[in-house]
Amino acid sequence: MLADDGIDMPFMGSGETVEAKIIARSTGTLAGCSAVDHMLQIWAGNVQVSWSHGEGRSVVSDDEIATISGDKDAILALERTILNILGQLSGIATEAKKWSSIAPGQIACTRKTIWGMMDKWAVHLGGGLTHRLSKTDAKMIKENDLAVMYPDVEGNGARISKFLKDVDHSEYGAFLEIEVREDKEAIMAAFTWSERRMIDGCDRLVIMLDNFGPDRCKSVATELTEMGLREHVVLEASGGIVLQDLENWRECGLDVLSTSAINRGTTPLDLTMIMETN
């Protein structure tokens, strides 16, 4: 971000000292303070920030968020990047707050991010879950993975069954997740894993119902309950989840609702920086 403004080396602080205020121009949840602190520590060590509102705090229009003081040239050069970071991440935290207030403990962002871990931090501050932080945190198997792993096995259902029978449950990290696209694939996965659990005592399997819709998800959850398989799995829905329909999703009997809508294409929080003059 700094390179976009032609900044390629830290500021040494040889110029005039000034003070500025960062002020909110809209209402939301503040995020990005720690990222700004980290950036200034590396690129402008003589610039200091005093935060009136911290990470995760609610702000309203005209709230003074912070006072920033130090080298004039450094502050003017970094102004836009500071506001971009705070605005973008606060916008994500604000959106996540909307979702999590309707479906607390259910909403998770995916790995479809613009700023990676910073996006996930903002979602966390807004009350959302962060799913995997990286691919190494947990093992998630999708249709493409299965096709590559078992090219000689016909049908995704058969591949799912074979994988779940073969996988070493001690090596998949925090959890094991498998994506399914058909009702019968979900039932097959749950049944196969229930047998593994009885033998090996492993953790529950996460089954992602990809693009099922709330009614279809509810049907699968009900069927798994009736078959005595629901206790062996965590059910996650992904695909086509929108805020306007969240109430229906919340009541469809699933454990997790994952979406990139809470962190991609969100409206940034409107902020401004005003220089103090004598």
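Per-structure values
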read-out: Residue with peak Gaussian network fluctuation, the chain [Cα springs, cutoff 10 Å], from T81, T136, T259; value: T136
read-out: Contact order normalised by residue count of the chain, Cα under 8 Å, 6+ apart, percent; value: 23 percent
read-out: Ranked packing of 233-245, 144-156, most packed first, by mean Cβ within 10 Å; value: 233-245, 144-156
read-out: Amide H partners (placed H, <5 Å) of L271, local residues excluded; value: R25
read-out: Net charge contributed by nearby residues that have their C-beta within less than 9 Å of V18 (K/R +1, D/E -1); value: -3
read-out: Antiparallel DSSP beta bridges within the chain, as percent of all bridges there, nearest 5; value: 50 percent
read-out: Virtual spin-label span in nm between D215 and V153, 7 Å along Cα→Cβ; value: 3.3 nm
read-out: Two-site label geometry, D62 and L76: point separation in nm, points 7 Å out along Cα→Cβ; value: 3.0 nm
read-out: Selected from L209, L164, L125 as most flexible by GNM, with the chain as the system and alpha-carbon contacts under 10 Å; value: L164
read-out: For the stretch 15-85, diffusion coefficient by Stokes-Einstein and Kirkwood Rh (Cα), 20 °C, 1.002 mPa s, µm²/s; value: 174 µm²/s
read-out: Entry for mean projected area of the Cα convex hull in nm² (calculated from the structure that is shown) out of (1) 21.5; (2) 14.5; (3) 17.3; value: (3)
read-out: Histogram of C-alpha separations across the stretch 106-215, 10 Å bin width, %; value: 13, 40, 34, 13, 1
read-out: In the chain, lysine pairs closer than 20 Å at Cα, eight or more apart or cross-chain; value: 19
read-out: Cα gyration tensor, the stretch 59-151 - rounded (a/c under 1.5), prolate or oblate; value: oblate
read-out: Helix 72-102 axis, angle to the chain major axis (alpha carbon atoms, nearest 10°); value: 30 degrees
read-out: Percent RCO, i.e. relative contact order, over the stretch 129-259, from Cα pairs under 8 Å lying at least 6 residues apart; value: 21 percent
read-out: The chain: angle of helix 156-166 to the longest principal axis, Cα-based, in degrees nearest 10; value: 90 degrees
read-out: In degrees, nearest ten, helix 33-43 long axis to first principal axis of the chain (Cα); value: 60 degrees
read-out: DSSP-assigned coil residues among GluC sites (Glu not before Pro) in the stretch 1-70, each with at most 14 further Cβ atoms within 10 Å; value: E16
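Quick note: the coordinates plus some simple rules give every number you see, no bench work behind them. Because the structure is predicted, anything quoted here is derived from the model rather than measured. As a convention, Cβ positions derive from the backbone with ideal geometry for all residues, glycine included, and neighbour counts pool all protein chains shown.
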